Amino acid sequence: MMLTRPLKVALLGCGVVGSEVARIMTTHGDDHAARIGAPVELAGVAVRRPSKVRAGIPQELITTDATALVKRGDIDVVIEVIGGIEPARTLITTAFEHGASVVSANKALLAEDGATLYAAAERHGRDLYFEAAVAGAIPLIRPLRESSPGNKVNRVLGIVNGTTNFILDRMDSSGAGYTEALDEATALGYAEADPTADVEGFDAAAKAAILAGIAFHTRVRLDDVHREGLTEVTAADMASARRMGCTVKLLAICERAADGRSVTARVHPAMIPLSHPLASVREAYNAVFVESEAAGQLMFYGPGAGGAPTASAVLGDLVAVCRNKLAGATGPGESAYTQLPVSPMGEVVTRYHISLDVADKPGVLAQVATVFAEHGVSIDTVRQQGRQDSSGEASLVVVTHRAPDAALQGTVEALRSLDTVRGVASIMRVEGE
Ligand code: HSE
């Protein structure tokens, strides 16, 4: 049954994503009304630059006073696509106080202070939905929040940053170095003028914190996530990965410990076998692999960024929140009942690929092997190649069995102090086996 009163939506932010949200709300308004059971009306759009021409948005809806907009009292849903911590956090909590539910794409805020937002939503009996905060268009948050609660998730392994996947894909396919691949990503509009958030792994770490919290029903904040970007990945690492039948991806990995008593969350470049489904994720696509007890392995794949794909996730949430509103219900709130602590990176157990420059003389291999043994790190394979020059050096590539990260770091420190080890060319974790 169609209600006559339209549901009113306030849009905070009208950039790449916000303008697409407004456009699709207009062009698909009839569909949305039919799916919701009531028309949805854009009641106000808060922007920083009101003079900018925004096709399809009536000028009278534009305001620079976002606070007044969320305080109006007649707004049913606030869509927040401005990003950052403040003023977004205050605007969202104010929206709840004034009776609105919130749809947000703000990964940084959710990773930094999701608990405050959840608490405000619960206090006021409103919804907080944020599908667009992780992996753009890919339906992932709602499957984890609403389809998996009966299941026990043990691991989430994913490529959640399109810019860095584009860079690594280019390095892999063309042999380009990091800087060259970044320049191409910038020229094509994938990387921003300041690419720090993407290439240093901050964006992926925020997404990992959100995914870990939802998957393991515990609180995980950005500071809990171990983070390494991809700026140190070299063409030589790529070539080495290829020789092992692997490629390099920037992975977000959230795991439940084997004893079930803690979780870890980390973002770093890692080698994964070419046979792993994540290895075939090309260009700026995202994909997330979820491993759980009953369902086994699930993979979610699609565009992880861009105006229209991200807007599609926002609009999916808008329809769900509007339906809840008409039903007088709310969707799921925070689920943090397990209260599992987040362990430090030193306790993560994985495999390593270590590339050393060593003196090419008798006994060096034995010396290096002894250092690994002394730290309890078991070697899987060793490949040595003498240099065809007068340096008297060789490259030694060691791949280990699974070992705690702290043991590996201790091994590398001890290796660096050996006279015969001239340098540690690279250390990379090996995942997905
Ligand atoms: N900058 C992100 C990416 C998209 O490259 O995937 C927004 O999270």
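What is the distance in Å between the Cα centres of the stretch 223-260 and the stretch 125-174? Taking the Cα centre of each part, the stretch 223-260 and the stretch 125-174 sit 17 Å apart.
Annotation: peptides 122-131, 381-390, ranked by per-residue average of other Cβ atoms within 10 Å with the highest first, follow the order 122-131, 381-390. Note on Asp183 and Glu291: the extension gain reaches 35.4 nm, defined as 0.36 nm multiplied by sequence separation minus the Cα-Cα distance.
A simple count of charges around Ala197, restricted to other residues whose Cβ falls under 13 Å of its Cβ and scoring Lys, Arg +1 and Asp, Glu -1, yields -2. Modelled spin labels at Ala68 and Leu326, positioned 7 Å past Cα toward Cβ, are 3.2 nm from each other.
As a proxy for reagent exposure, ranking Thr94, Thr411, Thr164 by other Cβ atoms within 10 Å from fewest up yields Thr94, Thr411, Thr164.
Computed over neighbours whose Cβ is under 11 Å from that of His276, the net charge equals -1, Lys and Arg +1, Asp and Glu -1. Could you tell me the calculated FRET efficiency between Ser147 and Arg416, based on Cβ-Cβ distance and R0 = 41 angstrom, to the nearest 0.05? According to the calculation, E is roughly 0.30. Principal semi-axes of the equivalent ellipsoid, √(5λ) from the alpha carbon gyration tensor of the chain, are 47, 23, 17 Å from largest down. Ordering Gly306, Leu110, Leu69 by the projection of their Cα atoms onto the charge dipole of the chain, which places +1 on the Cβ of Lys and Arg and -1 on the Cβ of Asp and Glu, puts Leu69 at the extreme positive end. Can you give me the angle between helix 405-416 and the longest principal axis of the chain, using Cα atoms only, in degrees from 0 to 90, rounded to the nearest 10? The angle comes out at about 40 degrees. Overall, the chain carries a charge dipole of about 860 debye about its Cα centre when +1 sits on the Cβ of Lys and Arg and -1 on the Cβ of Asp and Glu, all other atoms neutral. Each residue of the stretch 58-72 is assigned a 3J(HN,Hα), and the resulting list reads x, 4, 5, 7, 7, 9, 9, 9, 5, 4, 4, 4, 6, 8, 4 Hz, derived from the Karplus form 6.51 cos²θ - 1.76 cosθ + 1.60 (θ = phi - 60°), x at Gly and Pro. Each stretch of four or more DSSP H residues adds -39500 (n - 2.57); spread over every residue of the chain, this sum gives -10500 deg cm²/dmol at 222 nm. Between amide H atoms placed 1.01 Å from N, distances below 5 Å from Val40 occur with Leu7, Ala33, all of them 5 or more places distant or on a separate chain. Summarising the strand pairing of the chain, around 70 percent of its internal DSSP beta bridges are antiparallel.
When +1 charges are put on Lys and Arg Cβ atoms and -1 charges on Asp and Glu Cβ atoms, the dipole computed for the stretch 348-430 relative to its Cα centre reaches about 200 debye. Ordering Met299, Met345 by the number of other Cβ atoms within 10 Å of each residue's own Cβ, fewest first, gives Met299, Met345. Simple point charges give the picture: +1 on the Cβ of Lys and Arg, -1 on the Cβ of Asp and Glu, and for the stretch 141-304 a dipole about the Cα centre of about 760 debye. On C-alpha positions alone, give me the angle between the axis of helix 307-327 and the longest principal axis of the chain, in degrees, nearest 10. Approximately 50 degrees, to the nearest 10.
Helix 107-123 versus the longest principal axis of the chain: what is the Cα-based angle in degrees, 0 to 90, to the nearest 10? Approximately 40 degrees, to the nearest 10.
Bear in mind these aren't lab numbers, they're just calculated from the coordinates by the rules spelled out. Given the structure is predicted, the values throughout are model-derived calculations rather than measurements. All Cβ positions, even for glycine, are placed from backbone atoms using ideal geometry, and neighbour counts span all protein chains on display.
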